[in-house]
Amino acid sequence: MTVPDIQITVAAQDAASRTFAVSVPAERVRRAEDDATSEFATHARLPGFRKGKVPRDVVRRRFADAIRQSALEDLIRLTWEKARERESLQPIGDPQIRNLKFDAGAPLTFELQVDVKPELQLARLGGFRLSRHHHRVTDEQVEAQILTLREQKAPWVPVAERAKPGDLVEATVLNLADPAAEATEPVRFVLGQGRALADLEGHLMALDIGGIWEGAIRFPDDHPEAARRGQSRRVRVTLHEVKRQALPDLTDDFAREVGSFETVEDLRKAVRGDLDASAVREADAGVRAQLIEQLAAANNVAVPPSLRDRAVVAYAKAYGIPDDQFQRFANEMAPVIEAGVRRDLILDAVAERAKLACTAAELDARVAELAQRRGEAPGAVYATLEKAGRLRELERSITEEKTFAHLLAQSEIEDAHAAR
């Protein structure tokens, strides 16, 4: 007897997704359940029966739900394999099952939705005019960076003055709206860093050490917790301590403390070198961004909505965005995330077309460079990267470098120096 085959039809599609309507005839479902029953009968262990000798009708009654679930999973897997092979799909992630109907004695029906890698048609890859804006490092920037180093080494010293932005305060904030509230442990934070409500910081800066203020503080309209936005709460605030950083003097001793520098001038030269290198990286990043933007416009590259939405959900999950804040996150970040997706689509398409994927030899060479800088064996660096799940990231980085080099060689770059 010939068993009717699974029917798979394309229900919807765009450049980055496919939705298939699937219908599995009842006879095909019964065959899958019979196969699952045979598998369970082979391994079933029930009192009074030897392994593999349990009657099929007993197995079917005893494991009815598990047998149906196993048959369902097998049919879904088979459907996905058929759809992927027939449509020559390049899936991005696992397929999703929707509108599943699995009634006894009836055909199994469901929708299978999967995101796929879009195929970009890039007719123009070069001939673009790009501008590299390399900002000159100023003396003021060097001194500002050195000041940051001094602040990192500066101890916090108690002061008897009123607090001001940048000071570390220790205070107790008692919620008077809760009659059962008891004194809480003091909180510590640096004023002006956004770790406390601006309203609360203002009252703290008006207190002497040991002073107490009682009144209402208001939560801003853009507070992260939606339930608190625009709300007021009565509190009692007690300021216990104010500390201020005591900056170390900028001397040769300080230079030796922060690194292998003999003098302050050596330190300045190193800081300037780091800032120069950062400026070069920033300029290169700007050129690459211009290239992607012009390439996307010239080839009319659009990000499919399904791919953009998938990326937004992935970022929200990675950043731990609560469900009640997801829509706000999506509205604010969707344009940035979409630009990143467009960039990846273009680079992947060019790398595949020009066969620029990172090779094993190139990966070995890069790992050897990292090992030499770290003073470690290449095998140890490989193991560390693999354990951290960063080998794939390194491979992609090398592929991107090769792809950008390939693209930039086909366009004109004009250097434009500018002071900040």
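A 1.4 Å probe, protein heavy atoms only, puts the accessible area of Glu225 near 90 Å². Computed from Cα atoms, the angle from the helix 139-153 axis to the main principal axis of the chain rounds to 80 degrees.
Modelled spin-label separation between Tyr319 and Asp14, with each label point placed 7 Å from Cα along the Cα-to-Cβ direction: 2.1 nm. Here Asp324 sits with roughly 120 square angstrom of accessible surface, probe radius 1.4 Å. Quick one: compute the contact order of segment 1-126, relative version, from alpha carbon pairs under 8 angstrom and 6+ residues apart, as a percent. Taking the mean separation of contacting Cα pairs over the length of segment 1-126, I get 31 percent. The trypsin sites (Lys or Arg not before Pro) of segment 2-111 that meet both conditions, a loop assignment by DSSP and at most 12 other Cβ atoms within 10 Å of the site Cβ, are Arg45, Arg50, Lys51, Lys53. From its DSSP helices (H runs of at least four residues, each -39,500 (n - 2.57)), the chain gives a residue-normalised ellipticity at 222 nm of -16000 deg cm²/dmol. The trypsin sites (Lys or Arg not before Pro) found in segment 381-412 include none that occupy coil by DSSP while having at most 10 further C-beta atoms within 10 Å. Compute the Cα gyration tensor for segment 367-416, then decide on rounded, prolate or oblate, letting a ≥ b ≥ c be the square roots of its eigenvalues: rounded whenever a/c is under 1.5, prolate when a/b is larger than b/c in the other cases, and oblate in all that remain. Cα axes put segment 367-416 in the prolate bin. Segment 210-266 and segment 110-144 have Cα centres separated by 37 Å. Note on Arg132 and Ala339: with the Förster distance fixed at 22 Å, the Cβ-Cβ geometry gives a FRET efficiency of about 0.65.
The magnitude of the dipole of segment 169-219, with charges of +1 and -1 set on the Cβ of Lys/Arg and Asp/Glu and taken from the Cα centre, is near 200 debye.
Only protein heavy atoms count here; under a 1.4 Å probe, Arg162 has an accessible surface of about 120 Å². Across segment 286-420, Cα pairs under 8 Å and at least six residues apart give a relative contact order of 24 percent.
Protein heavy-atom surface of segment 145-236, 1.4 angstrom probe: 49% of the accessible area is carbon and sulfur, with nucleic acids and ligands not counted. Toward the positive end of the charge dipole of segment 34-123, with +1 on the Cβ of Lys and Arg and -1 on the Cβ of Asp and Glu, the farthest Cα among Ile76, Pro118, Ala41 is that of Ala41. Between Arg162 and Arg45, the distance separating the two model label sites (each 7 Å from Cα on the Cα→Cβ line) works out to 7.8 nm. The residue list Ser278, Ile209, Ala296 was ranked by how far each Cα lies along the charge dipole of the chain toward its positive end, using unit charges on Cβ atoms, and Ala296 comes out on top. Of Ile212, Ile337, Ile413, the order by accessible heavy-atom surface (1.4 Å probe, DNA, RNA and ligands excluded), from most exposed downward, is Ile212, Ile413, Ile337. Classify segment 76-220 as rounded, prolate or oblate from the Cα gyration tensor: take a ≥ b ≥ c as the square roots of its eigenvalues, call it rounded if a/c is under 1.5, otherwise prolate when a/b beats b/c and oblate if not. Judged from the Cα gyration tensor, segment 76-220 comes out oblate (a/c at least 1.5, b/c at or above a/b).
Classify segment 271-379 as rounded, prolate or oblate from the Cα gyration tensor: take a ≥ b ≥ c as the square roots of its eigenvalues, call it rounded if a/c is under 1.5, otherwise prolate when a/b beats b/c and oblate if not.
Prolate, since a/c reaches 1.5 and a/b exceeds b/c.
Looking at segment 5-54, the chymotrypsin sites (Phe, Trp or Tyr not before Pro) that sit in a DSSP loop and have at most 16 other Cβ atoms within 10 Å of their own Cβ are Phe49.
Shown here: Cα Rg over 2.2 N^0.38 Å, derived from the displayed model; of the candidates (1) 1.46; (2) 1.23; (3) 1.59, it corresponds to (1). Paramagnetic label reach from Glu81 (point 7 Å along Cα→Cβ; backbone nitrogen cut-off under 19 Å): within segment 30-49, residues 30-40. When only Cα pairs below 8 angstrom with a gap of at least 6 residues are kept, the chain shows a relative contact order of 18 percent.
Among Thr359, Thr184, Thr138, the largest mean-square fluctuation in a Gaussian network model of the chain (Cα springs under 10 Å) belongs to Thr184.
How much accessible area per residue does segment 15-144 have, counting only protein heavy atoms and a probe of 1.4 Å, in square angstrom?
60
Rounded to the nearest 20, the size of the Cβ-charge dipole of the chain about its Cα centre is 1800 debye, with Lys and Arg at +1 and Asp and Glu at -1. Farthest towards the positive end of the charge dipole of the chain, among the residues His135, Ala316, Phe20, is the Cα of Phe20, using unit charges on the Cβ of Lys, Arg, Asp and Glu.
The values are calculated or read from the model by the stated rules, or taken from the named source; none is laboratory data. Keep in mind the model is a prediction, meaning the values are calculated, not measured. Every residue, glycine among them, receives a Cβ derived from its backbone with ideal geometry; neighbour counts consider all protein chains shown. Note: areas computed on protein heavy atoms with side chains; ligands, DNA, RNA excluded. Shrake-Rupley method; radii C 1.70, N 1.55, O 1.52, S 1.80 Å.
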